[in-house]
Amino acid sequence: GFYLQAMGNHLDTVSQWPPPDFAEPSKEDVLVFSDSYGFCKEIMEQAPPGRLGVTNVQTRHASKYPTKDVKNLVKMHPWDMIIFGLGIDPPDENTVDGLHKHQFDVVMVLLTILQVIADDATRCKRLAIITADAFADEKEFHEDNGISGICNCTLFGMANTGRQEIQSPIQYIDTEWALRSENTKYIVAELFRHSSFGYNTVRILNKGRFVLRQVPSKPYELGPDFVCPDDGIIGISGGN
């Protein structure tokens, strides 16, 4: 039927196919675990007009979320999207102990969210995890921030693990501390564009959008055997 319609309208004088959908987009109910620097606040302010329905924005520090409270927040409503922005905040202290405490506080909140969704997928249709400069490779950034600059990098591995454990799509977005307010709309686009949500890991920077895509592994699996050199240094890194 589609083919015959196109043949009868070969000059495209009648209409286009498929016909455009002029229906109003449905409102979305959103739960936000907000950062303290205003990223999530700007995201909600710049959300597309008419797209937000029921919203619940939590502004507590990561250490102030008892497990019971997190479970109640996720279970209280069938959320269309949960935005996890606690991974944006750095630790209070740039020390090993301060880093470990902050990592534990942030990870436990996200772990509880994932556990609730794993038990009941109707509680959340989409989960977004946002960090700031977790993928930064600029020398100046690491000299200025020290170990605190990589404190929330564990959320990237946790997001990938979560993708294997829950049915809801997970979108990991990394941005930068210096992101200009006018560029927040690109983070908003990642969150509300259903067709690409959860398919890629992205970095939203002032200079553009960078995508980490999944690629076939066969070309690398069939590569030549690695020959260990006689001298030099072998670096071994860990993580998720």
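The values are calculated or read from the model by the stated rules, or taken from the named source; none is laboratory data. Bear in mind the structure is a predicted one, so any value in this text is a computation, not a measurement. As a convention, Cβ positions derive from the backbone with ideal geometry for all residues, glycine included, and neighbour counts pool all protein chains shown.
Might you let me know whether the stretch 222-238 holds any residue that is in contact with a helix residue (DSSP H, G or I) (Cβ under 8 Å, 6 or more places away or on another chain) and closer than 24 Å to A134 by Cβ? Looking through the stretch 222-238, none of the residues is in contact with a helix residue (DSSP H, G or I) (Cβ under 8 Å, 6 or more places away or on another chain) and closer than 24 Å to A134 by Cβ. Annotation for the stretch 133-149: no member residue is in a loop (DSSP other than H, G, I, E, B), exposed (fewer than 13 other Cβ atoms within 10 Å of the Cβ) and touching a residue at least 40 places away in the same chain (Cβ under 8 Å).
Going residue by residue through the stretch 124-132, is there one that turns out to be of a type outside the set (D, E) and in a helix (DSSP H, G or I)? It would help to see each step written out before you state the result.
Going residue by residue through the stretch 124-132, those that are of a type outside the set (D, E) are 124-132.
Imposing the further condition that a residue be in a helix (DSSP H, G or I) reduces the set to none.
Scanning the stretch 124-132, I find no residue that is of a type outside the set (D, E) and in a helix (DSSP H, G or I), so the answer is no.
The residue pairs whose first member lies in the stretch 211-240 and is closer than 26 Å to R163 by Cβ, whose second member is modelled with pLDDT under 80, and whose beta carbons are closer than 9 Å, counting only pairs six or more residues apart or on different chains, do not exist in this structure.
Against the condition among the aliphatic types (A, V, I, L, M), surrounded by fewer than 21 Cβ atoms within 10 Å (Cβ to Cβ), at pLDDT below 95 and within 24 Å of F210 (Cβ to Cβ), how does A121 come out, does it pass?
On the way: among the aliphatic types (A, V, I, L, M): yes; surrounded by fewer than 21 Cβ atoms within 10 Å (Cβ to Cβ): yes; at pLDDT below 95: yes; within 24 Å of F210 (Cβ to Cβ): no.
Answer is no for this residue.
Put simply, of E176, E190 the only residue that is acidic (D, E), surrounded by 16 or more Cβ atoms within 10 Å (Cβ to Cβ), farther than 18 Å from M108 by Cα and in contact with a Ser or Thr (Cβ under 8 Å, 6 or more places away or on another chain) is E190.
Sort through A136, A128, A121 and tell me the only one that's in contact with a Ser or Thr (Cβ under 9 Å, 6 or more places away or on another chain) and of a type in the set (G, A, S). Lay out the reasoning, then the answer.
On the way: A136 fails: in contact with a Ser or Thr (Cβ under 9 Å, 6 or more places away or on another chain); A128 fails: in contact with a Ser or Thr (Cβ under 9 Å, 6 or more places away or on another chain).
Answer to the check: A121.
Elements of the type strands (runs of 3 or more DSSP E) sitting completely within the stretch 154-213 and holding at least 3 residues that are closer than 28 Å to H100 by Cα: these cover 170-175, 201-205.
Here M81, M44, M108, M7 are screened, and the one residue that is at pLDDT 95 or above, over 26 Å from S195 (Cβ atoms) and not polar (S, T, N, Q) is M108.
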